[in-house]
Number of protein chains: 2
Amino acid sequence: MRREVTLRDVAELAGVSSRTVSNVVNGYANVTEHTRERVQRAVEQLGYRPNVLARNLAQGRSGQIAVVVPYLDTPYFSELLQSVIRAARKSGYNVLIDQTDGDPEHERAFIAHGSRRLLFDGIIFSPLGLDQQALADRDPNLPLVILGERSSDGSFDHVGIDDVAASRQATEHLLDLGRQRVAAIGDQPYATGEAAQRRTQGFREAHAARGLTPREDLIISTPRFNRPDGARAMAHLLDLPEPPDAVFCYSDLVALGAIRTIVSRGLRVPEDVAVIGYDDIEDGRFSNPTITTISPDKEMIATTAVERLLLRITSATPPEGLEVRAPHKLIIRESTAGPGHRSC
Amino acid sequence: MRREVTLRDVAELAGVSSRTVSNVVNGYANVTEHTRERVQRAVEQLGYRPNVLARNLAQGRSGQIAVVVPYLDTPYFSELLQSVIRAARKSGYNVLIDQTDGDPEHERAFIAHGSRRLLFDGIIFSPLGLDQQALADRDPNLPLVILGERSSDGSFDHVGIDDVAASRQATEHLLDLGRQRVAAIGDQPYATGEAAQRRTQGFREAHAARGLTPREDLIISTPRFNRPDGARAMAHLLDLPEPPDAVFCYSDLVALGAIRTIVSRGLRVPEDVAVIGYDDIEDGRFSNPTITTISPDKEMIATTAVERLLLRITSATPPEGLEVRAPHKLIIRESTAGPGHRSC
DNA sequence: CTACGCTTTTGCAGCGCTGCAAAGCAAAGC
DNA sequence: GCTTTGCTTTGCAGCGCTGCAAAAGCGTAG
């Protein structure tokens, strides 16, 4: 492996100082056309490519942001990531991806910045469950944007939809259909389950607004928001003496699992059990039946997160911690409206 | 933002040279217990964390590998990525993710290493379509492992399953069911569609082995392997005067789209049309019906790819380009076997 | 008591680039 | 003609770390 071409090599060939080559390469102003051309030619002739590492070291920044998600194969996250990567690239940033596998220890390690100084300039973090302590222990100098989970304490930005309102809306939709026994799948009644609890809160509020009280045995907890958990929870619900006739699932994956269970027992969606999901992942637009869902504006969440993070990275004094509410909407499909319903 | 703690700061506090601190931090041999302890204490007291950038620059490596995939939100890729990230992390490497959005120009830019020298030490590349030229133009010094698409020319490793054999097996399964008009969705009869063409080849071979010739109008091309393409292609097939009674879809996503179309027309899967997919993504295990599919050993593909790449990165002389065949198996589910079929 | 071999520690240079401030230079002003 | 002004170009130091080879320490042998 021969030595790589450096700035100095180019400088020598072009007969200028290496600093001038650097100026040309970085497109700085104040370089005569003549010089620029000469340098440009030398660059091409030698096939020079800047050493990003050296540049970063000299500049004291890495040009990378880390995105931390629990699971990469969860469609919601991969769809979000896709937009994040695009937005970051547009600003010249690379994206380093890390998955925590939902391990709280792992999440904590990440936010503490661990031993990886300068590997990235900031973090976009979508925690599964992050306790107050972990947040308090974090490196205060590391720009941070949190997605979804918890609201800002002022030292970082938070971007997410209004979970309580969205969940209330979802539940109201089921009640509007005239369903009598509406269940909820996905509660997480423990410290790290804030996001889940907000959904449960919306679920309760929707009932309360009509003078109803949800049956407690219809609120099912699940460790994760995935298909198997949804399938299992639904099986449990159907085994009840008085099974539900509608279910609010805290993610589309849970809904897909739940529907699978319902259908495999010979029941029909939505006739026997109406199902509503959350996230609006592509799967739900092509499943049988298609899934009614809460659709967060993922594109906006992603671009806002990147925007805020870059602002934090580049600004001298850390900006006020912002609480960004992304819009969401209810998308009605077959799993509540019946076959043939065209989604909007 | 105060200055970060450096090796020198620690050295000063511990009363040793900075080189010794480096030795301790990196766990090099030949450091007395006494010294190690003193240094350790100083490290903790100051909260020292190594600057990865500086280390990498000094060592001439970045400790990062890039994984390039067409689309991050395609479950097959995100499932694969998940395993790749895990395997890389285990060896102390970080993973930089890039999506090409299926843009050949973008793919070419990546493999040429572009202007990003030393940002990563090697690439795991899962191209959508990569022509011979792009491969020829690539940076020969950049360790490369290619997934799926094309076989090795000796200068890189290739990891993938035997597409022809797997496709033949899939098609045979449909023929074994006694289906008369077996269609194929996903052909790509142009330069960059090698992977698709291998599947079509297997499709033809399966027919030929029984003295049959597939109807050409039942082989449908699609630009991508996603749900909408599958849905569209299936609609076209069902509009034929003699529609198929079985379909081999070149990905599970295509199968999901196809099934959606079939069901929404009031037909049944598999009674009216049997459907088989490819990739064994989680979606297909919870869809209605569940999808019979070709299941590649993704875990092995991922770990082998990482293993080979790291070998290339660390070995002085580039190893022989290896052609790795990962195993696959046919998993029979409801979309061909009928309701209630338990997957293996 | 010196010499030798071993382990431990150190100093220095340098990875390739950029920030900074000074130097060079040509055109404009007095 | 000489100074001033403003644009170009340059030199140097240094980002924080590691490779290298030399130096120091230290126990043992001659």
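The values are calculated or read from the model by the stated rules, or taken from the named source; none is laboratory data. Every value quoted in this text rests on a predicted model; they were computed, and no experiment measured them. Note that each Cβ is placed from the backbone with ideal geometry, even for glycine, and that neighbours are counted across all protein chains shown. Remember, those area values only see protein heavy atoms, side chains included, never the ligands or the DNA or RNA. Shrake-Rupley method; radii C 1.70, N 1.55, O 1.52, S 1.80 Å.
What tally of residues in the range B:139-153 results from selecting those that are among the β-branched types (V, I, T) and either under 16 Å from B:A112 (Cβ atoms) or open to solvent by 20 Å² or more (accessible area, probe 1.4 Å) (or both)?
Looking only at the range B:139-153, we keep the residues that are among the β-branched types (V, I, T), and these are B:145-146.
Retained after the next criterion (residues that are either under 16 Å from B:A112 (Cβ atoms) or open to solvent by 20 Å² or more (accessible area, probe 1.4 Å) (or both)): B:146.
Number of matching residues: 1.
Does the range B:37-51 hold any residues that are within 13 Å of DNA strand C (Cβ to nearest atom) and either within 34 Å of the chain's Cα centre (by Cα) or exposed (fewer than 15 other Cβ atoms within 10 Å of the Cβ) (or both), and which are they? Spell out the reasoning first.
Residues of the range B:37-51 within 13 Å of DNA strand C (Cβ to nearest atom): B:37-40, B:42, B:51.
Listed by number, the residues that qualify are B:E37, B:N51.
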Check: Among the residues of the range B:9-36, which ones are under 41 Å from the mean Cα position of the chain (by Cα), near DNA strand C (Cβ under 9 Å from one of its atoms) and polar (S, T, N, Q)?
Finding: B:S22, B:N23
Check: In the range B:25-54, what residues are aliphatic (A, V, I, L, M) and either outside any helix (DSSP H, G or I) or away from chain A (no Cβ under 14 Å) (or both)?
Finding: B:A29, B:V31, B:V39, B:A42
Note to self: Consider the range B:246-274. How many of its residues are modelled with pLDDT of 95 or more and in contact with a strand residue (DSSP E or B) (Cβ under 7 Å, 6 or more places away or on another chain)?
What the structure shows: 13
Next item on the list: Just give me the residues in the range B:154-172 being part of a helix (DSSP H, G or I) and open to solvent by 20 Å² or more (accessible area, probe 1.4 Å), in sequence order.
Entry: B:V164, B:A165, B:R168, B:Q169, B:E172
Check: How many residues, within the range A:165-209, are under 20 Å from A:T336 (Cα atoms) and not β-branched (V, I, T)?
Finding: 25
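Limited to the range B:81-93, what total is found for residues that are more than 9 Å from chain A (Cβ to nearest Cβ) and at negative phi? Show your work before the answer.
Within the range B:81-93, the first condition is being more than 9 Å from chain A (Cβ to nearest Cβ), and the residues that meet it are B:83-84, B:87-88, B:90-93.
After this cut, where a residue has to be at negative phi as well, the list is B:83-84, B:87-88, B:90-91, B:93.
Adding up the residues that qualify gives 7.
Among A:D229, A:D272, A:D283, which is the only one that is out of contact with any Leu (no Cβ under 9 Å at 6 or more places or on another chain), acidic (D, E) and not assigned by TED's automatic domain parsing to the domain that holds A:V84? Quick ask: steps written out before the conclusion?
Working: A:D229 fails: out of contact with any Leu (no Cβ under 9 Å at 6 or more places or on another chain); A:D283 fails: out of contact with any Leu (no Cβ under 9 Å at 6 or more places or on another chain).
After ruling out the rest, the residue left standing is A:D272.
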Note to self: Going through A:T74, A:T6 one at a time, which residue ends up being among the polar types (S, T, N, Q) and within 12 Å of DNA strand C (Cβ to nearest atom)?
What the structure shows: A:T6
Notebook entry, point to check: Of the residues B:S83, B:S18, B:S91, B:S78, which single one is more than 15 Å from DNA strand D (Cβ to nearest atom), of a type in the set (G, A, S), free of Cβ contacts under 8 Å to residues at least 24 places away in the same chain and surrounded by 14 or more Cβ atoms within 10 Å (Cβ to Cβ)?
Noted result: B:S78
Next item on the list: Looking only at the range B:166-189, count how many residues are under 30 Å from B:G122 (Cβ atoms) and without any contact (Cβ under 8 Å) to a residue 60 or more places away in the chain.
Entry: 1
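Does B:G202 satisfy being at pLDDT 95 or above, under 25 Å from the mean Cα position of the chain (by Cα) and not β-branched (V, I, T)?
Details: at pLDDT 95 or above: yes; under 25 Å from the mean Cα position of the chain (by Cα): yes; not β-branched (V, I, T): yes.
Yes: the conditions hold for B:G202.
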Next item on the list: From A:A54, A:A29, A:A58, grab the single residue that is surrounded by fewer than 20 Cβ atoms within 10 Å (Cβ to Cβ) and modelled with pLDDT under 90.
Entry: A:A29
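Go through the range B:198-219 and give me each residue that's among the polar types (S, T, N, Q) and crowded, with 18+ Cβ neighbours inside 10 Å. Can you show your working first?
Here is the first cut: in the range B:198-219, the ones among the polar types (S, T, N, Q) are B:200-201, B:213.
Selection gives B:T200 alone.
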